[in-house]
Amino acid sequence: MIPLQTSKKLISPDRGRMLIYCPDGPGIVATVSKFLFEHGANIVQSDQYSADPEGGMFFMRIEFDLEGLAGRLSELERDFAPIAERFRMDCRFTLASVKKRVAIFVSKEDHCLLELLWSWQSGDLYADIAVVVSNHPDMKRLVDPFGIPYVHIPVTPETKPEAERRQVEAVERYGADMIVLARYMQIVSPTFIESYRNRIINIHHSFLPAFIGGNPYRQAFGRGVKLIGATAHYVTEELDGGPIIEQDVQRVTHRDNVDDLKRIGRMIERTVLARAVKWHLEDRILVHENKTVVFN
């Protein structure tokens, strides 16, 4: 049996991250850099973006090294608070070495689940996969060899509220920080979403043009589409309408049948979802209103 923690990647316990967004204006970068310098930190990476220099929003991600960071994190947050107030910043400090704990929700399709498990096993996803939750028992045979707990919670229209209560219990029991809907074919409630705001990532097909309802690949084939793709996004109360993290497309032709479209679509879905999860784990995403800034 594969041990629960398999990541080969090592991150220094002295490596920290800052995520900032605020109204744009002069002096932000200088002030943040000076603050870190005065506290003995060394900036190793810095990314910033201004949506509009005149009255727009400013976004910034910094990685820095500071000896003994774990014991000084609360001090940094306290000392930075006046600066955050002055610039009207939304600011978050994180310890890069602390792995986020992930709960994966899945139904009967395995391609996205397997991509996440393989990426985690190889060390590409710096995380602990805490639990896999499913409304079907089918995926247990795939998850068990990885040594990851598998929780089967059947869902029917009549039992949905109780099932969701049990799902939340499972996420909390295994201490998950975020949830990945890896082709989980159920709609989650607003209450569930609110508990994990901007911490639930979903994947779905994106056709150009779009097709809704059943058998989207057959609909797309019937219209002779030339592009198919996938979208990973944070889950909000608006179905498939949350902030988009990552998208990709691939060209198809009249020579591709329905099975070809499904195969190509699954390939795109798995890679797009894995990228979105990786960026979330590495604190590369800033959400503002219904959009994201991704420093990848």
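Quick check: anything in the range 69-90 of a type outside the set (G, A, S), touching an Asp or Glu at 6+ places or on another chain (Cβ under 7 Å), under 30 Å from F146 (Cα atoms) and at pLDDT 95 or above? Write out each step before concluding.
Residues of the range 69-90 that are of a type outside the set (G, A, S), as a first pass: 69, 72-73, 75-80, 82-83, 85-90.
From the residues that got through so far, the ones that are touching an Asp or Glu at 6+ places or on another chain (Cβ under 7 Å) too are 69.
Checking which are under 30 Å from F146 (Cα atoms) leaves us with none.
No: the range 69-90 contains no residue that is of a type outside the set (G, A, S), touching an Asp or Glu at 6+ places or on another chain (Cβ under 7 Å), under 30 Å from F146 (Cα atoms) and at pLDDT 95 or above.
Count, please, the residues in the range 172-183 that happen to be surrounded by 17 or more Cβ atoms within 10 Å (Cβ to Cβ) and of a type outside the set (A, V, I, L, M).
Matching residues across the range 172-183 total 3.
Just need a number here: residues in the range 70-102 that are assigned to a helix (DSSP H, G or I), of a type outside the set (V, I, T) and either within 20 Å of T31 (Cα to Cα) or free of Cβ contacts under 8 Å to residues at least 40 places away in the same chain (or both).
Keep residues of the range 70-102 that are assigned to a helix (DSSP H, G or I), which gives 70-87.
This time we only want the ones that are of a type outside the set (V, I, T), so: 70-82, 84-87.
Now drop any that are not either within 20 Å of T31 (Cα to Cα) or free of Cβ contacts under 8 Å to residues at least 40 places away in the same chain (or both), which leaves 71-82, 84-87.
Total satisfying the criteria: 16.
Which residue, of S119, S97, S134, is over 30 Å from D65 (Cα atoms) and not hydrophobic (A, V, I, L, M, F, W, C)? Step through it out loud before you land on a result.
Details: S119 fails: over 30 Å from D65 (Cα atoms); S97 fails: over 30 Å from D65 (Cα atoms).
On inspection, the qualifying residue turns out to be S134.
Looking at I245, I228, I285, can you tell me which residue is of a type outside the set (K, R), over 22 Å from H111 (Cα atoms) and touching a helix residue (DSSP H, G or I) at 6+ places or on another chain (Cβ under 7 Å)? Walk me through how you get there before you give the answer.
On the way: I245 fails: over 22 Å from H111 (Cα atoms); I228 fails: over 22 Å from H111 (Cα atoms).
So the residue among I245, I228, I285 that is of a type outside the set (K, R), over 22 Å from H111 (Cα atoms) and touching a helix residue (DSSP H, G or I) at 6+ places or on another chain (Cβ under 7 Å) is I285.
On the basis of being modelled with pLDDT of 95 or more, surrounded by 12 or more Cβ atoms within 10 Å (Cβ to Cβ), closer than 22 Å to E282 by Cβ and out of contact with any Phe, Trp or Tyr (no Cβ under 6 Å at 6 or more places or on another chain), does L36 make the cut?
On the way: modelled with pLDDT of 95 or more: yes; surrounded by 12 or more Cβ atoms within 10 Å (Cβ to Cβ): yes; closer than 22 Å to E282 by Cβ: yes; out of contact with any Phe, Trp or Tyr (no Cβ under 6 Å at 6 or more places or on another chain): no.
The answer is no for L36.
Can you work out which of the residues in the range 39-76 that are polar (S, T, N, Q) and under 19 Å from N296 (Cβ atoms) is least open to solvent (accessible area, probe 1.4 Å)? Give the derivation first.
To start, the set of residues in the range 39-76 that are polar (S, T, N, Q) comprises 42, 45-46, 48, 50, 74.
Add one more test, that the residue is under 19 Å from N296 (Cβ atoms), and what stays is 45-46, 48, 50.
Details: Q45: 65, S46: 54, Q48: 94, S50: 35 Å².
Result: S50.
The values are calculated or read from the model by the stated rules, or taken from the named source; none is laboratory data. Everything numeric here is computed off the predicted structure, so don't read it as measured data. Because the Cβ atoms are built from the backbone with ideal geometry, glycine has one as well, and the counts that use them run over all protein chains shown. In case anyone asks, the SASA skips ligands and DNA or RNA and just uses the protein heavy atoms, side chains included. Shrake-Rupley method; radii C 1.70, N 1.55, O 1.52, S 1.80 Å.
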